[in-house]
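A short write-up of the structure that comes next.
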Amino acid sequence: MKRKHLVLAAGACALVCVTSFVGCGDHGPDLNCQPVRGQVMVDGKPVAEAYVVFHPTTPIADWNAKPRASTDADGRFTLTTDKASDGAPPGAYQVTVELRGQRQVGEELVRDGAQLLPERYRQPEKSGIQVTIVEGANELPRFELKKK
């Protein structure tokens, strides 16, 4: 169990490191990020370790990063664009969700195996998940996904 937590912690650290170079802070344009929280359910059950990405429907000048998060054991997530849990700029987004199978790499379990959700959830224009981020705290309705 400790190894799994180490892999999750390493993944979260990598996510923060990668997204810290552009976004809502001092490293890029001032995007006025707003807090965003949500939950991912698959067939009525919370899904842990899913990767959620928000794709802006209208390009934002001088900004290429996409707000993203990983779900916890209860399927809950808090978006990060620049700094951990800073949220996302206001605007409309299409959302993708990816859940990969686990595989053994040496003594570690990593989640880079086969895709466990239908392909449509990996494509912004086909996922069917659209949200609008507004000024202030954004508590999103649950994303209710189907395995089939």
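Numbers for the structure displayed
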{"read-out": "Complete set of residues in the range 83-106 that are among the charged types (D, E, K, R) and under 13 Å from the mean Cα position of the chain (by Cα)", "value": "Asp86, Glu98"}
{"read-out": "Residues that are free of Cβ contacts under 8 Å to residues at least 12 places away in the same chain, surrounded by 13 or more Cβ atoms within 10 Å (Cβ to Cβ) and of a type outside the set (D, E, K, R), drawn from the range 61-120", "value": "Gln102"}
{"read-out": "Filter result for Val53 (within 23 Å of Lys146 (Cα to Cα), touching a Leu at 6+ places or on another chain (Cβ under 9 Å), in contact (Cβ under 8 Å) with a residue 24 or more places away in the chain and of a type in the set (Val, Ile, Thr))", "value": "no"}
{"read-out": "Any hit, the range 84-91, residues being in a helix (DSSP H, G or I), at pLDDT 95 or above and of a type in the set (Asp, Glu)", "value": "no"}
{"read-out": "Pairs with Cβ under 8 Å, 6+ apart, first in the range 125-137 and under 19 Å from Thr80 (Cβ atoms), second part of a loop (DSSP other than H, G, I, E, B) and among the hydrophobic types (A, V, I, L, M, F, W, C)", "value": "Val131/Leu140"}
{"read-out": "Some residue of the range 34-46 being under 21 Å from Ala114 (Cβ atoms), surrounded by 18 or more Cβ atoms within 10 Å (Cβ to Cβ) and in contact (Cβ under 8 Å) with a residue 60 or more places away in the chain", "value": "yes"}
{"read-out": "Single condition Phe77 does not satisfy, out of (1) within 17 Å of Gly38 (Cα to Cα); (2) part of a helix (DSSP H, G or I)", "value": "(2)"}
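The values are calculated or read from the model by the stated rules, or taken from the named source; none is laboratory data. If you're wondering where the values come from, they're calculated on a predicted model, not measured in any experiment. Heads up, the Cβs are rebuilt from the backbone with ideal geometry, glycines too, and the neighbour counts pull from every protein chain shown.
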